[in-house]
Structure formats: structure tokens, C-alpha cells
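Have a look at the structure below before the remarks.
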Amino acid sequence: MRVNRSGPPGPTPLRSTGALLLEREDELRLVDEVLDAGRSGNGGLLLVRGAPGVGKTGLLQAAVQGAFEADMSVLRVRGAELEQRFAWGTVHELFATTIDARDPASGRPLLSGAAALAAPVLIDGATGDGDAPRTRSPGPPAEARFAVAHGLYWHLADLAEETPIAVVVDDAHWVDVASLHFLLHLAGRLDGLPVALVVAARTQADRERDVLLGQLAAAPDARCCSPAPLSAAGVETLLDRELGAAAARWLGAVCHRQAGGNPFLTSELINELRRSGVPASAAGAEMVAQLQPSRVTRSVSARLSVLGSEATDLARAVAVLGGPAEARLAAAVARQDLERATLQADGLARSGILSPARPLDFVHPLVETAVRDEIAAGERALLHRRAFEALVADGADPRSSASHLLHTEPDGDDETVRLLRVAAAAAVDRGDPDTAIALLDRARRESVAAGEDPELLEDLGRVQLAAGDPAGIDRLELARGTQRDPRRRAGLDLTVAVARYERGEASAAKATLARGLAEELPEDDEIRVSLQAADLTVTRSLLQAPVPDEEAAAATLARHGNGRTPVERLTLAQLAFQGLQTGELPYRTVAELARHAVPPLHGEGIDTLDRLALPLAGMSLYFSDAGEAAEVAFSAEIDRSQLQGARMAFATASFFRGVARFLRGRLIGAIDDWQVAIDAARDGWAFALPSSRALRALVALDRDELELADELLALPGGDEPWTAHPTFPYVLATRGVRATADGRPQEGLELLLRCGERQEAQGIRNPSVMHWQAEAALAAFAAGDERRARDLARELLRRTERYGAPRALGIARRTAGLVGEGDPDGLLTGSVHVLERSEGELELARSLLELGAWQRRAGQRTTSRETLRRAIDVAERCGASALSRRGSDELRVAGGRPRRLRISGSDALTSSERRVADLAAEGLTNRQIAQRLFVTLRTVETHLTHVYGKLDVDRAGLAEAMAGGAHT
Ligand SMILES: Nc1ncnc2c1ncn2[C@@H]1O[C@H](COP(=O)(O)OP(=O)(O)OP(=O)(O)O)[C@@H](O)[C@H]1O
Ligand SMILES: [Mg+2]
């Protein structure tokens, strides 16, 4: 494992001849531009790509030099061939000095705010140490990675606030994938950051890295270059510098041809010419032409053999440690005393293998690779063990030395097992299950001679499952077989059963649960209760077309009514959700089940099972007229996800809360939440993207924002990628509503019926979930197909009455009234009555409007004016401007005079502006706001400038100005 240089990183002298770079004017200009952008606070990014030895590192050195001259701080690092698989290794090294440099005694917290999310990666031992810790079950890897990247970003932003920073990353083709994700995260958020990011990578990288590097190149404002090989004239200049004018004249052309203008190969060739004393003449040129095209390996091993075996040992030690390596460590690995080793290092430097600088390092990565490739497998394993022992004896963090153990032969050492497990636990904390698996696997091979260790197997299995690898199930089964404690066996059964169930293997899951329940445990044992609850869920899913009845619901409530454990809560949530989808349970029962299924509002994080239960419970609540409880639950989840930097969970919870708000008629709040969700698509969120856009578009129609609605209904990348998405029917529905309103009712009807088919196919038969039937009836009516309209309305009435939720009932009665399925007066009045007792304010406004219009047409002008005034009031409170405008039109026809619309300040803001302004009004700093909303500081500043302008206030007046307006 490479050792960090201590102290602030200094400029390294140009390694070649200390000379200027030839033929790099364009590239150097780009370097300057990017540094300027960084220094001036705009953020800059340069990606250098090219063949090995073409001069990428040379350009990066120029960048480092330039940064120092411009008084910027420099953070630099390079990818290491040996450590590519260690998540966050590069980042850890990049920031090593920034953590050391901060004095905890200064009172300034090391990592404050969101930056603290990076602690597991930045600070050794931030996540416990000592005895082999049990590897805990990690969360979803992508989410954990985002949280760390978010934390690192803010750590860097905090540092850059003091001095502009150049972040210089070399050999990115060897940078671990997690660190590359961070670079990408940073690249997309450089705007407004005093940071210049300069990255170099070989053209050939593996697939995954190649994709990530391609995305880096596509980042906004990224500059890219690929330095070309030197021209013949350039090669002559090099020869002139190294061997004199005559050599340049006679040998320049042939050297250029032999090395293809590659600066590294040229310098190797020059080494060779010097070594074998080729004359500067026509004969010399002939000799060069006869040379095998320069093979680095050959020339390196030739030079090593001249120096002798001790030098070779030392070079190999450095190669195994991975340069730069402290001389004392290399000496220990080579089994030499420090004095001997120092002398050998000098010899290696003289023959152009190691650089003369300390710590020991090769002159070039290609030379390092050449030396490493010459070591036979057995010797390599031995050297890695020595490297590991030397590092541990030297006081290095055992977790960072564990990489060496992966390259050694197992020999049944308990201490090795312990260290590997420490390292694995740390890898999980860093959000790197793959490395954890590799380490645990290696630990298992180490210990296997002494018999399987059930705990080790269990850790391995759990991490595998969390990483989505089904092999974890077999591992846990194996662990169960060796486990003596019945309670632990039952616990394993629970985990395995849940995993099988999630993979759709319900019968296998049931068998596993039965096995766990057969263990002798006390009746009220928590694991036993959880097994029972899980059994209930699994059994239910095994029945064909499960239709929950009230009796079963009551029994479940009686048994698990407290929702004490995550499994219990998931059981309740699933039962509620089934009742909701089929519409076969009374809505009050569904809401009751769901209330008990909501995870505790406060507390650190929520369990994986709770993550599954929360949306089911939330939907069951808000579609059963208990939206307020759902809103509270999702708000808690939003807070949690913001604090944990959980970007995807934040978007998902925002989407759900938006629906809860929408159903309660709080359109502005819904818009704000959905905007969060829609924006998150940029970071890869797709969970409910079609429905977020479709519902946002539906609200746009209620607010007279037709263009916006059309924009939202055009899905990113067209429909094709989305048609199979479970929330795609929402898009069909809004398009249907839009077409009908646009005077194309036939088309609207078809779209709505298609939506209905999809919903039914998904088992959703409850109109409370989505009232496509109401819209379809109206479309059919508008299309002149009155019979069809009445059929649809009748079926809708039947189903909603069965479920009983007031909001849906109000919609059904209104629809029936409008299409003539019964007495319009009675139905519309009935609709208003039931809606008055529901949460559905928007629907109340609609029904009042229709009732008022009907009253006017029936000649009841006074009553009609009263009804319409109420309709306008409610619509305005909801933020439904199209409805209130329609109300005013009707009112005018009825002989009334509409009041002027109350436009309050905050209504003039965009969603993003309002979100920022709300948090600012709460007293959060710009930095806190940016961290909470996962945006850059500059974005916050820009929004606030607009807000101040629109509301004509300053920060102090913000709270008051935001207090008015439609309720959210
Ligand atoms: N434009 C140049 N003019 C003169 N010498 C150069 C030039 N570019 C690179 N060199 C020299 O050539 C050698 C190889 O360059 P460098 O290490 O920058 O290559 P690289 O692209 O980083 O290779 P790798 O992909 O293996 O890391 C170095 O000794 C360097 O000083
Ligand atoms: Mg290089």
C-alpha cells in the first residue's frame, strides 16, 4: 500500500531532464485556462488522455507548477495499479493531508455539516477498530456512494473557501471506481467553486472506467486534450539536449521512427544509446535502425541484471509496495538494512529505474509495471506478505494494508483473519461491498483449515446479499449448518427467507421460515415474532389473487397491531396496500393498518424492511383520506435522507409527499416536492419519474400552464424507455385529460382506457388510487358517447362506494352528475357534502364549481353566485388558478362581480426559488441550504438573488414575505 507523503504536497521537479515540454503550447494554454477558471471561483476541469508515455504526467506537473505560482493549494494523487479495486483509496490519499492539517484543538470541527458524511472515507478508524467487528448490513451501494461523494464535495468546498485549490489526479485509468464517481460528482458541480480539476488517464482503460472517464469529458465546461507524439524535430531537440548536436543530426530521424515520437520510449532509447555507446554517425544510425523496437521490459531487466541481485530485490520491493514507498519499508521487504538499501536506491536512480527523489519511486509507471511483471507468482505472494508485515510493524492502519493480504497465500493465521475482517467492516462502512466480499472471502480461505467459522460465513453472506449477489443465500445456509445457537439459527432463517421472498421465491421462503419457527424459542422472542409476521406476509403472497378480508385484517392488527419490528410493519403495510389496491377492505381499515406500519418518525435511519414498508403505508394512507399522516411520515423520511446525504431516498420521499399534498389540494407544495424528484433524474433517479412528470403536468393543467404540461409529458428520451415502467399509466392518464380539454375527447378516451387496462393488469382496481374512470367518463361524454359515459360513471360509483373513501366518492358523484347518471342536483350536492368532510380540497373546489354552474343554468342565480364564490375561494387556497379563473367567468355570467385575484409574493417564485427561500426564511445559511437540497452554493445564491428581486425584500424581510400566499 502506498504511503502518503507527509506535510503539504510540494512541486516535484520535472523528472525527465528538468527541461521544458516540447510541442505542448496548446495543451499548456488549456492548463492555464483551467487554473484561471479555478482561481477565479468558476471551477475548471481538464481531462488529458493519451497513450502510455506520451507526456500526460508532464502536463500535470506543469499544472502543479502553475498552481503553486498562482498561490493555489494543490491536492494531488495518482491511481495505483495494485489498488484499483479498493473503493475510495484514491480519494483517501488525495485528502490525507487536508485532514492532518486540521487541528481539532482550533475548535473548528474537522468535518462539519454535510462534509461529515465523508468521515468513513477520510478518517482512519472513524468507524471503530479493535476486535474483529461484525460487518453490519450495508444500505444500497449507490446511495451510500452518493452520500460519501456529497460529503467529499462539501469538504473540498470548505477547503477551497480558504484558498483556491488545484485537484490533480494522474493515472485515472487506475483510480478506483468509487473515487472516479466522486470526480464525476465534483465535475458536475464545479460551477462557483474555486477549484481546478486536472485529470490524466491512458486511452486504454477497462470498460467501467472508460465509461466514467467519458462522462467526465462530457461534464459541463470540461476541456479535453490528447497530446500528440513528438515530431521529428522534437525528437532531435531531445537528442540534442541529452547527447549533443551531432547525435541529434545523425540519429534524430531514426530515433523518431523507432520510438514513434513517444517521449517516454525516446528517453528509453536515449538511455540505451548512452549505455551501448552508439556513435553519432551514419554507422550509428544504421545500428539504431537495427535495434528491436524498444521494449521497456528488456531494457529494464538488462539494467537490473547489471546492477546485481540486491538492487533487483529492492526494486521489486518498491514495486510490490507500490511507489512512492518509504525507504525503510522497502528495505524491510527486501530484507536489507537501511544503509544497504539506500546505496542500492542510488544505483537504481543512476540507471534510470528509480527516481532520485524520496520516498522511493520509479521514474515512470511503465518501468514499475515492467519490474513487477518480472516477479514470479510465488515470490510475489511472499513479498506481499512481507509488505503487509512491514506496514503493520510500521504502524500503518491494518485496514489499508489488507490489500497486500489479497495477494498472499493463505496459511491459517488467526491474526490475518482478524485483520481481514477489520478491513472488510471498514469497506462496508465506505459503501464498498465488493471489496468487503473479496476480503471476507480471503479471510475464509485463511481460516478454512481450522473449520468454517459461522460468523465469518454469516458476515460474508449478508454482505453478498446486500450487494445483490444471490450467492449470499448459500453462504448463509452454510453458516446456519455450523451455527450452534438456536436463536442465531432462527435469525439466519429470517434473513434468508426475506432474501428469497424478495427474489420472488415465496415457496422457498416459506419453507425457510417454517424451519426457523421450529427452533425452540420462547413465545415472545423477538426473532420468533418476526418470523411469524414474515410467514404471514409470505403465505398471503402465495395465495392466488389474495383478497384480504376484514377478519384477516382484524386478526393481523390484533397480533401485530403495534408494528414493533420492521417485519411486523412490513406485514401491516402489505396488507394495507393489498386492501387499497383491490378496494376490498373499507378505507378506514386500510388507513388503520397503514398507520401502524409507519416506521418511527425519529431516530437515526430506517431498516431495509422499513424502506419497503414506508411507501406502501404512505400510499395506503393518502389514498384513504389520511394524507396528513402520510405527509408527516414522508417529511420525516425527507429529513432523514437529507441528513444522511441519501439523494435517491430524498427524491423518492419528496415524490410521495408531493402526492400526499396534491391529494389534499396543496398544489404549490406538491409542485415543489415533485420538482425535487424531477430534478433528481439528473443524478439517475428513475423510481417514479413518469408519474412525477405526469402528476406535475396534471397540476399544470389546473394552473393554465399548458406549455409546461406538454413539456413534462414529453418524457426524457421519448416514451420507449418508459412504457414498461410501473408508473407509466399516469402519463397516459394526464395525456388523456389534456387531449379531452384540448377538444380531442375521442383520443382522450382511448388514452384513458389504455391507462385503465394497465392499472387493472397491475391489480389496481380501486378508483381511489387513480380516477382514470372519472376522466374517461367525461371524455366519452364530450365525445358524444353518452351511454358509455354513464356506464363508466356507474361502475365508478359502485367501486368507490364499496371502498368508501370520501375524496374518491366525491369525484364519483360529481362525475355521475355531469354525465347524467342520475339526478345532477342531488349528485353534485352530494359530492360537495362528502368532499366537505374529506381532505380533498381541490376536488371540493371542482365540485362547487360544477354545482354553481348547474345552479346558474337552472336559474338559481343567487344560490349559484354563493356557490361559485366559495368555489373560487377554495380553488385559490389550493393554488389552482385555472379553476378560480373558470369560477370567475361563471360568476360573471351569473351576474356576480368577482373579486380581484389575490396574488401574494411567494406565488411569483419558481419551485426551486421557493424551496431555497423557505429554508433561508427558516434561518439556514446558504451552505446549509445547498447541502440539504443537494445543489451548489452558486445555485442557492442565484435563486436568492431572484427571490430578493421578485419580492423586493432582503434576507431579513424574507420570512415575512414567504408567510403569505397559497398554502403549501
Ligand atoms: N512534450 C515533451 N517534451 C519533452 N519530454 C517529454 C514531453 N512529454 C513527456 N516527456 C518526457 O517523457 C517521459 C514520459 O512522459 P510522461 O511520464 O508524462 O508520460 P505519461 O503520458 O504520463 O505516461 P503514462 O501513461 O505511462 O503515465 C517523461 O520522462 C517526460 O518528462
Ligand atoms: Mg503518467
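The values are calculated or read from the model by the stated rules, or taken from the named source; none is laboratory data. Computed from a predicted model, the values in this text were never measured in an experiment. Cβ coordinates were reconstructed from backbone atoms using ideal geometry, including for glycine residues, and neighbour counts include every protein chain displayed. These accessible areas exclude ligands, DNA and RNA; they are computed on the full protein's heavy atoms, side chains included. Shrake-Rupley method; radii C 1.70, N 1.55, O 1.52, S 1.80 Å.
Could you work out the relative contact order of the chain? I mean the mean sequence separation of Cα pairs under 8 Å and 6+ apart, divided by the number of residues, in percent.
8 percent
Show me, for the stretch 643-657, the HN-Hα J-couplings you get by feeding each phi into the Karplus relation (A = 6.51, B = -1.76, C = 1.60, θ = phi - 60°), rounded to Hz, glycine and proline as x.
5, 8, x, 8, 4, 5, 4, 4, 5, 5, 5, 5, 4, 5, 4
Within the stretch 405-519, what whole-number % of the accessible surface is contributed by carbon and sulfur, with the 1.4 Å probe and all protein chains included in the calculation?
With neighbouring chains kept in place, the figure for the stretch 405-519 is 47 percent.
Nearest 500 deg cm²/dmol is fine: what mean residue ellipticity at 222 nm does the chain get from its DSSP H runs of n ≥ 4 alone, each adding -39,500 (n - 2.57), divided by its residue count?
Computed mean residue ellipticity for the chain: -20000 deg cm²/dmol.
For the stretch 232-294, what does the alpha-carbon gyration tensor say about shape, rounded, prolate or oblate, given a ≥ b ≥ c as the root eigenvalues, a/c under 1.5 as rounded, and a/b over b/c as prolate?
rounded
Could you order peptides 872-884, 465-477 by the average number of other Cβ atoms within 10 Å of their residues, highest first?
Going by the mean number of other Cβ atoms within 10 Å, highest first, we get 872-884, 465-477.
Please say if the stretch 25-225 is rounded, prolate or oblate, where rounded means a/c under 1.5 for a ≥ b ≥ c the square roots of the C-alpha gyration tensor eigenvalues, and otherwise the choice is prolate for a/b larger than b/c and oblate otherwise?
Here the stretch 25-225 falls in the oblate category.
Determine the share of the stretch 232-294's accessible area contributed by carbon and sulfur atoms, expressed in whole percent, with a 1.4 angstrom probe.
56 percent
Please report how far the C-alpha centroid of the stretch 584-604 lies from that of the stretch 301-344, rounded to the nearest whole angstrom.
67 Å
How much FRET efficiency would the formula 1/(1 + (r/R0)^6) give for GLU628 and GLU415, where r is the Cβ-Cβ distance and R0 is 41 Å, rounded to 0.05?
Step by step, r from the Cβ atoms, then E = 0.10.
What's the ranking of 566-574, 611-619, 716-724, 315-323 by average number of surrounding C-beta atoms within 10 Å, highest first?
In descending order of packing, they fall as 566-574, 315-323, 611-619, 716-724.
Can you send over the carbon and sulfur percentage of the accessible area for the stretch 671-737, probe radius 1.4 Å, protein chains only?
On the stretch 671-737, the fraction of accessible area on carbon and sulfur atoms equals 55 percent.
Let me check against my output: what whole-number percent is the relative contact order of the stretch 484-639, with C-alpha pairs under 8 Å and at least 6 apart?
Over the stretch 484-639, the number comes to 17 percent.
Using each residue's phi in the stretch 661-668, evaluate 6.51 cos²θ - 1.76 cosθ + 1.60 at θ = phi - 60° and report the 3J(HN,Hα) Karplus result to the nearest Hz, with x for Gly and Pro.
Running phi through 6.51 cos²θ - 1.76 cosθ + 1.60 with θ = phi - 60° gives 5, 4, 5, 8, x, 9, 5, 4 Hz.
Hey, can you rank 238-246, 647-655, 177-185 by average C-beta count inside 10 Å, highest first?
Packing order, densest peptide first, comes out as 647-655, 177-185, 238-246.
Return the long-range amide H neighbours of LEU354 (sequence gap of 5 or more, or a different chain), with a cut-off of under 5 Å between placed amide H atoms.
Long-range HN contacts for LEU354: ALA349, VAL363.
How would the chain be classified by its alpha-carbon gyration tensor: rounded, prolate or oblate, with rounded meaning a/c under 1.5 and the a/b versus b/c comparison settling the rest?
prolate
With an 8 Å Cα cut-off and a minimum separation of 6 or more residues, compute the relative contact order for the stretch 397-483 in percent.
Answer for the stretch 397-483 is 25 percent.
So, for the chain, what is the accessible surface per residue at a probe of 1.4 Å, expressed in square angstrom?
In whole numbers, the chain has 41 Å² accessible per residue.
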